[in-house]
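Below: one structure, written as structure tokens.
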Amino acid sequence: MLVKSTSAEQRTVLYNISWDTFEALLKDTGEDRGSRFAYDCGTLEIMTPLFEHENPKIQFDRLILVLAEELSIEIKSTGSTTLKQRYC
């Protein structure tokens, strides 16, 4: 397993990680983890969101909310959602 860590971005990339290991990490860290996980064909990126990531996300969320309200479009907020599909 090779590891690449970039402290400025608060992210770590792990290579050659199996799907089963990814699933176990998700289970072990629980639903309320502060880190975000992204998995693609053996590469796992673990990111801790910083203000620089979270602030624009919130501003974009507010824009969508107002736009949907003005256009009478029903939306559902799900917060941080993990979408999984084993395909490799």
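The values are calculated or read from the model by the stated rules, or taken from the named source; none is laboratory data. Computed from a predicted model, the values in this text were never measured in an experiment. Cβ: placed from backbone, ideal geometry, glycine included. Neighbour counts: every protein chain shown.
Could you grab the pairs with beta carbons closer than 7 Å, sequence gap of 6+ or different chains, first residue in segment 28-57 and more than 20 Å from ASN16 (Cβ to Cβ), second one exposed (fewer than 13 other Cβ atoms within 10 Å of the Cβ) and modelled with pLDDT of 75 or more?
These pairs meet every condition: THR48/GLY34.
Please determine, by comparing only the residues of segment 14-53 that are over 17 Å from LYS84 (Cβ atoms) and surrounded by fewer than 13 Cβ atoms within 10 Å (Cβ to Cβ), which one is farthest from the chain's Cα centre (by Cα).
ASN16
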